[in-house]
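Every number here is computed from the coordinates shown, using simple stated rules; none is lab data. These numbers were taken from a predicted model, which means no experiment stands behind them. Neighbour counts are summed over all protein chains in view; Cβ atoms, including those assigned to glycine, are modelled from backbone coordinates with ideal geometry.
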């Protein structure tokens with residue numbers, strides 16, 4: 001059986017400047033934080049990022065935005081990351097906004113080898129600019145093209161040594177279809193188990209799709225700056241009331 005468990009250094013060897021990378025991130029809740037830390041330390045830059053949202057400045061893919069490592073972002077939402085907003089308005093980072101359902105289906109099309117997706121979402125809006133509009137059965141549809149990536153960086157709750165993945169509750173999010181649409185699938189997992197410990201109904205992504213597993217070391221992350229500011233405010237308020 002092929003060994004799919006790798007060190008962080010081995011994982012980082014697969015990540016280079018200029019790649020297109022999918023991130024499992026929402027607002028930092030389900031991101032491969034230790035791999036992202038390694039990317040920051042390695043100095044990877046000029047990335048095209050694909051994620052439902054652009055994280056927060058001190059969480060998830062937002063850390064790469066904050067450090068100016070991303071040149072283009074395909075996403076549905078950047079509202080919780082002022083760094084994304086500022087870089088978009090300054091022209092430093094190109095942002096392509098994609099309605100969330102369309103986002104999912106374009107990636108799914110990339111994973112399953114489809115030539116595109118027809119959707120009425122965005123017809124007559126800025127989303128339709130430069131895109132082909134087809135009129136079918138009395139209704140207009142946009143032709144949205146498939147999305148693929150060089151690498152998908154995912155975060156799983158549990159994996160076995162063969163590479164079968166399990167996600168906890170809603171953390172499956174976009175990860176199952178992202179795993180189908182990248183040339184290399186790398187997963188940071190919280191717990192590694194033996195083959196056979198995951199039952200068929202517990203497997204959300206099957207082993208053949210996964211290329212590399214990195215077992216999270218559980219290194220203590222520094223408190224996000226936003227938390228530090230809130231703590232400082234509370235401490236100042238408490239001291240002022242004494």
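Which distance in Å, rounded to a whole number, links the C-alpha centroids of region 74-139 and region 25-51?
Rounded to whole Å, the Cα centres lie 21 Å apart.
Which translational diffusion coefficient, to the nearest whole µm²/s, is obtained for the chain from the Stokes-Einstein equation, given a Kirkwood hydrodynamic radius over C-alpha pairs, 10 °C and 1.306 mPa s?
Values: Rh = 19.1 Å.
For these conditions, the coefficient is 83 µm²/s.
Considering all projection directions equally, how large on average is the shadow of the alpha-carbon convex hull of region 127-168, in square nanometres? Can you show the working numbers first?
On the way: hull surface 24.5 nm².
Computing the convex hull of the Cα atoms and averaging its projections yields 6.1 nm².
Normalised by the number of residues in region 117-220, what is the relative contact order in percent for Cα pairs under 8 Å and 6+ residues apart? If you can, show how the numbers build up before the last one.
Details: 180 pairs, mean separation 27.3, N = 104.
Contact order relative to length: 26 percent.
In a GNM of the chain with a 10 Å cut-off on Cα contacts, which of 81, 164, 137 has the highest mean-square fluctuation?
Checking each option, the largest mean-square fluctuation is seen for 137.
GNM, the chain, Cα, under 10 Å: largest mean-square fluctuation among 72, 129, 158?
Evaluated over the chain, the most mobile residue of the options is 129.
Taking neighbour Cβ counts within 10 Å as the exposure measure, how do 67, 25 sort from fewest upward?
Numbers: 67 15, 25 32.
Least to most surrounded, the residues fall as 67, 25.
If you wrap region 1-128's Cα atoms in a convex hull and average its projection over all directions, what's the area in nm²? Write down the numbers at each step before the final one.
On the way: hull surface 37.0 nm².
With the hull built on Cα positions only, its mean projection is 9.3 nm².
Taking only the Cα atoms of region 80-215, how large is their convex hull per residue, in Å³? List each step's numbers first, then the result.
Values: hull volume 20.8 nm³, N = 136.
Output value, Cα hull per residue: 153 Å³.
Could you grab the relative contact order for region 89-164? Cα pairs under 8 Å, six or more apart, rounded to a whole percent. Working shown, then result.
Values: 76 pairs, mean separation 22.9, N = 76.
Contact order relative to length: 30 percent.
Ranked by Cβ crowding within 10 angstrom, fewest neighbours first, how are 168, 69 ordered? Don't jump to the answer; show the numbers that get you there.
Numbers: 168 12, 69 20.
Fewest-to-most Cβ neighbours within 10 Å comes out as 168, 69.
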